Amino acid sequence: MDSACGSPGFAAVRRGEASRVHRAIIERCLNSLPLKAGHDSRPLWVCENHSIVFERFSPFAEQVQDFLIAIAEPVSRPEFIHEYQLTTSSLYAAASVGLKTAEIIDVLSRFSKTPLPPSTIEFIRDCTVSYGKVQLVLKNSKYFIESKHAEIIQRLLKDPVVGTARATADGADAGSRSETPARPKMSGVAPLPANRLEERLNTEYNDDEDERSYGFQIDLNKIDEVKKRCNDLGFPMLQEYDFRKDVINRNLNIRLTTSGFVRPYQETSLRKMFGNGRARSGIIVLPCGAGKTLVGVMAAGTINKSCLVLCTSAVSAGQWRHQFKLWAQIKDSQISLFTSEEQKEFQAPSGVLISTYSMIANTRKRSRDAERKMEFVSSREWGLVILDEVHVVPANTFRLVFGSIKAHAKLGLTATLVREDDKIVDLDHLIGPKLYEANWKDLAAQGHIANVLCAEVQCPMSPEFYHQYLRATSLKKTLLHCMNPTKLQACQYLMDYHERRGDKIIVFSDNVFALEYYARKLKRLFIHGKVSQVERELILERFKEDPDIKTIFLSKVGDTSLDIPEATCLIQISSHFGSRRQEAQRLGRILRAKRRSEEGFNAYFYSLVSKDTDEMVFSTKRQQFLVDQGYAFKVITRLDGIERFPGLAFRTIDERWALLREVYHAQEKDGETGNDVAVTLEVA
């Protein structure tokens with residue numbers, strides 16, 4: 001124990017640069033395993049619960065961090081000490097990109113300060129030994145389970161879930177022979193312009209003799225449950241697409257333009273997808289503003305086959321079409337939209353179709369033209385399906401899309417691979433493993449995304465509102481802490497300060513009543529679910545182009561897929577309970593790289609919270625994801641000079657009582673549904 005106290009890592013812990021959890025993990029490692037010779041130069045602590053503590057200040061930090069991202073899930077990544085966790089899914093992902101069992105164990109052992117726990121070595125072997133032994137293959141619009149190991153196929157056929165999912169309508173039998181294409185090899189790739197990177201990803205491969213495989217066809221409607229069952233059995237299905245040998249689906253001849261350059265982390269993420277010359281199905285996690293759309297366009301251009309892009313909204317679909325035309329040489333006849341907003345007569349595209357999850361998953365009666373579009377989508381064998389904001393896919397409604405689409409490869413893109421339910425793990429079998437995840441703070445330090453000052457502004461409840469709050473039901477409490485007069489004053493003060501600095505400001509509110517009231521009171525434009533698509537686009541265009549329009553108010557419709565690179569400041573007055581995902585997605589609206597920088601920060605994120613209310617609890621939960629990414633929230637209890645601010649709203653008791661009566665006599669619009677909820681004033 002004494003020898004450890006002299007190491008830089010343990011000194012950092014004692015200085016308080018690691019959290020209490022990190023200290024407990026390291027001390028547990030020290031109590032169970034001795035330190036190695038030369039431990040000062042080794043940056044990892046590997047513990048018996050498969051957690052890994054990483055000293056970010058080590059001279060080997062860069063190369064070790066890339067390795068950790070490949071094999072483990074990041075738990076917390078503040079400035080000096082990072083925590084990772086080895087999981088079944090993370091080790092499946094490591095195996096999917098070609099890392100061997102012995103290689104994982106060897107590298108961990110080399111950089112660990114203590115000998116690897118035997119339980120961790122056994123866990124790594126158990127999770128990686130069977131990966132890749134079972135494949136999911138799409139042939140002639142039919143799915144097959146294949147393996148080079150006949151005994152594994154026989155075991156799967158005897159399983160009650162997998163065996164009953166076998167398709168027999170066309171006479172497919174267990175043990176039937178099929179061919180497996182040769183596995184390509186790929187050399188390293190240096191940072192290159194977009195068009196050159198595409199050429200390097202399409203490298204030559206060895207024409208080895210095809211190997212025999214055993215397999216059987218499965219029912220299209222049971223693919224989801226079969227993939228989940230294979231995961232549970234320890235045989236996660238590898239889904240790779242040898243697109244160069246696909247002669248059935250013709251090439252699209254889409255070429256990436258030479259005007260843009262790929263950033264190193266975008267190139268790395270693409271190499272994870274095309275690491276062995278084939279296209280792997282999986283998920284790439286990049287922060288908002290880091291160029292996820294470009295990664296998707298380049299993946300489509302590399303595979304060069306038919307591509308379906310699924311988005312969360314019609315606005316996002318339009319942005320994807322714009323990005324395809326910006327980054328790829330593609331004809332108008334090769335790209336089409338299938339959304340509720342697109343009312344043109346449908347013409348089947350020869351290349352890229354962009355739609356929304358709700359359009360594909362819709363089970364209600366469709367128009368004749370929509371039926372034709374859907375028949376085209378479901379009957380086609382797609383080379384690649386890109387799933388934007390992939391964290392929404394596990395929802396019961398959206399996961400229906402997998403019963404309608406047949407695809408050789410799937411690529412999920414998101415900034416926040418988190419959900420408040422436990423369905424995020426379903427993405428492992430619905431899409432594939434996580435192929436790559438970038439570090440937000442590293443990208444900010446390198447100038448790829450904005451460096452953001454995050455602050456929680458605590459606003460005391462006015463006595464009139466707090467008295468009513470203590471007696472109110474939960475629904476009324478939400479409205480009261482949203483409409484807290486001191487919160488509106490803080491919003492007014494911050495808006496004025498940042499508008500005078502020349503910032504473009506977004507004010508977010510989940511509560512539509514509060515959104516409209518604040519916007520009208522402060523004479524600003526607003527967008528929520530009831531605002532038409534045409535009006536939304538006009539407002540956004542004015543915000544981007546008009547120097548006199550410096551602030552807009554947005555409801556939760558602006559949480560995702562909204563491209564406003566001009567925004568440099570965000571003020572949040574109301575949110576969705578303790579949603580970590582929403583907090584990160586909203587921060588992403590201002591994460592585009594900015595030219596202007598003052599005092600190290602070039603973007604500002606304020607979350608206004610009413611003190612001594614439920615918002616305080618929810619705020620702590622909401623911030624957790626961003627804290628784990630290395631962000632620190634500055635707590636502001638008083639805004640200097642606000643009491644002297646000219647024209648400050650609700651200075652007098654009479655004004656605050658008038659607001660309270662207005663709140664209680666109004667009808668709150670419940671979220672974006674438009675349901676009216678009557679509220680009554682409880683007079684003291």
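The values are calculated or read from the model by the stated rules, or taken from the named source; none is laboratory data. The model shown is predicted, which means the values in this text are computed figures rather than measured ones. FYI the Cβ positions are ideal-geometry reconstructions off the backbone, even for glycines, and counts take in every protein chain you see.
So the values come out like this:
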read-out: Boolean, E537 is assigned to a helix (DSSP H, G or I) and over 19 Å from the mean Cα position of the chain (by Cα); value: yes
read-out: Candidates A299, A279 - the one that is of a type in the set (A, V, I, L, M), modelled with pLDDT of 90 or more and either outside the structural domain of L387 (by TED's automatic domain parsing) or surrounded by 24 or more Cβ atoms within 10 Å (Cβ to Cβ) (or both); value: A279
read-out: Residue in segment 419-433 that is surrounded by fewer than 23 Cβ atoms within 10 Å (Cβ to Cβ), in contact with a His (Cβ under 7 Å, 6 or more places away or on another chain) and over 23 Å from Y131 (Cβ atoms) present; value: yes
read-out: Criterion violated by K441 - all others in (1) under 30 Å from T293 (Cβ atoms); (2) surrounded by 21 or more Cβ atoms within 10 Å (Cβ to Cβ) satisfied; value: (2)
read-out: Scan of segment 498-514 for residues that are among the hydrophobic types (A, V, I, L, M, F, W, C) and under 25 Å from the mean Cα position of the chain (by Cα), ordered by number; value: I505, I506, V507, F508
read-out: Which listed residue is at pLDDT 90 or above and either in the same structural domain as F80 (by TED's automatic domain parsing) or not in a strand (DSSP E or B) (or both), from F605, F577, F650; value: F650
read-out: Residue check, L554 touching a strand residue (DSSP E or B) at 6+ places or on another chain (Cβ under 7 Å), under 24 Å from D388 (Cβ atoms) and modelled with pLDDT of 90 or more; value: yes
read-out: Residue list for segment 86-123, restricted to those being aliphatic (A, V, I, L, M) and under 22 Å from S281 (Cα atoms); value: L86, L91, A93, A94, A95, V97, L99, I104
read-out: Residue list for segment 231-273, filter: out of contact with any strand residue (DSSP E or B) (no Cβ under 8 Å at 6 or more places or on another chain), among the basic types (K, R) and not in a helix (DSSP H, G or I); value: R250, R263
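Here's the yes/no breakdown for (1) hydrophobic (A, V, I, L, M, F, W, C); (2) under 19 Å from G289 (Cα atoms); (3) under 26 Å from the mean Cα position of the chain (by Cα); (4) surrounded by fewer than 17 Cβ atoms within 10 Å (Cβ to Cβ):
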residue	(1), (2), (3), (4)
K530	no, no, no, yes
T551	no, no, no, no
L562	yes, yes, yes, no
I573	yes, no, yes, no
S579	no, no, yes, no
F605	yes, yes, yes, no
V617	yes, no, yes, yes
T620	no, no, yes, yes
